[in-house]
Amino acid sequence: MTAQQQMEGLGWEDNTPAVGRVLEPGLDTTHKVILYLEDISVSFDGFKALNNLSLAIDAGELRCIIGPNGAGKTTMMDVITGKTRPDSGTCFFGQTIDLTRLTEPQIAHMGIGRKFQKPTIFENHTVFENLELAMKMDKRALTSLFAWLDREGRDKISDTLKLIRLDAEADRQAGLLSHGQKQWLEIGMLLMQDPKLLLLDEPVAGMTDDETERTGELFKSLAGKHSLVVVEHDMAFIEQLGGKVTVLHEGSVLAEGDLATVQADERVVEVYLGR
Ligand SMILES: Nc1ncnc2c1ncn2[C@@H]1O[C@H](COP(=O)(O)OP(=O)(O)OP(=O)(O)O)[C@@H](O)[C@H]1O
Ligand SMILES: [Mg+2]
């Protein structure tokens, strides 16, 4: 895969629409809510993957989404990022931006970063270069791909390296990192673009217990400055994160609250936790 193809896969191709640039500084979170899905429905050949799903995420929140296989968790992220168009419903980013009217690259440029389960990093480049490339692919930055890295850019990379605990690996080829480290690098690449909202689909799958715990610490440290929506099946990890939990079932919200509350909910035990 070429770097260009990889960039396109990440939704960073160079077709920044004017609307993205105009609307981007105007993210209005005056009512605290950064993301608001209302009555979203998505059907695949008559099967309702999302069924009048409504959900609100506060600015700075760290929200966990759980639920059985096929509940619609990944489909929900596909709708937020513009990969899937809902049949009906709206999805507001801040008070004024309806994401269902925007394309995938437009949504990425608005400040919504998504992490897929398989890390998409540049294996043949060093860890440092991966972060540098991610920063330069950010169309909001003024630097061109060929400009020298300025002091500010270097500091930003250095800060991010520490945050994702890869400062000792900066000059290492990314392909040689452990699975967990590759996941952190991809999160670091997302952070280089200053996302307001981060969507993370099963981020700790395949990680060691130690890597999982460090990832939890990282996410907790990101909350507040960023808003995070984390889909996971790992209950110990959800407990560590400590945020509000939303349980999805058959494309709708079944229960919502702190982990202890949803764990005590009989309906949740029946469809998910009790199995
Ligand atoms: N592109 C598609 N075409 C047809 N059906 C799809 C498509 N994407 C998802 N589905 C179906 O929609 C339902 C919801 O899938 P989704 O991937 O959102 O579930 P999930 O909650 O992420 O599950 P998991 O925990 O297994 O990742 C499933 O029944 C799935 O088979
Ligand atoms: Mg999924």
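The values are calculated or read from the model by the stated rules, or taken from the named source; none is laboratory data. None of the values given here were measured: they were computed from a predicted structure. Methodologically, a virtual Cβ is constructed for each residue, glycine included, from the backbone with ideal geometry; neighbour enumeration extends over all protein chains shown.
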Some residue of the range 155-165 being over 14 Å from the mean Cα position of the chain (by Cα) and within 16 Å of ligand 1 (Cβ to nearest atom): no
Residue under evaluation Ile238, criteria (1) within 16 Å of ligand 2 (Cβ to nearest atom); (2) on the phi > 0 side of the Ramachandran plot; (3) in contact with a Leu (Cβ under 9 Å, 6 or more places away or on another chain), criterion not met: (2)
Qualifying position, being assigned to a strand (DSSP E or B) and surrounded by fewer than 21 Cβ atoms within 10 Å (Cβ to Cβ), among Lys83, Lys48: Lys48
The range 61-74 - residue that is surrounded by fewer than 21 Cβ atoms within 10 Å (Cβ to Cβ) and under 14 Å from Val229 (Cα atoms) and, of those, farthest from ligand 1 (Cβ to nearest atom): Glu61
Failed criterion for Tyr272 (all others in (1) surrounded by 15 or more Cβ atoms within 10 Å (Cβ to Cβ); (2) at pLDDT 95 or above hold): (2)
Some residue of the range 63-74 being of a type outside the set (Lys, Arg), more than 16 Å from ligand 2 (Cβ to nearest atom), touching a residue at least 24 places away in the same chain (Cβ under 8 Å) and in a strand (DSSP E or B): no
Some residue of the range 109-116 being within 16 Å of ligand 2 (Cβ to nearest atom), in a loop (DSSP other than H, G, I, E, B) and at pLDDT 95 or above: no
Selection count, the range 184-222, where residues are more than 14 Å from the chain's Cα centre (by Cα), farther than 22 Å from Met76 by Cα and part of a loop (DSSP other than H, G, I, E, B): 3
Residues located in the range 223-254, provided they are within 16 Å of ligand 1 (Cβ to nearest atom) and assigned to a helix (DSSP H, G or I): Met235, Phe237, Ile238
Filter result for Ala49 (over 24 Å from Thr215 (Cβ atoms), at pLDDT 95 or above, within 16 Å of ligand 2 (Cβ to nearest atom) and among the small types (Gly, Ala, Ser)): yes
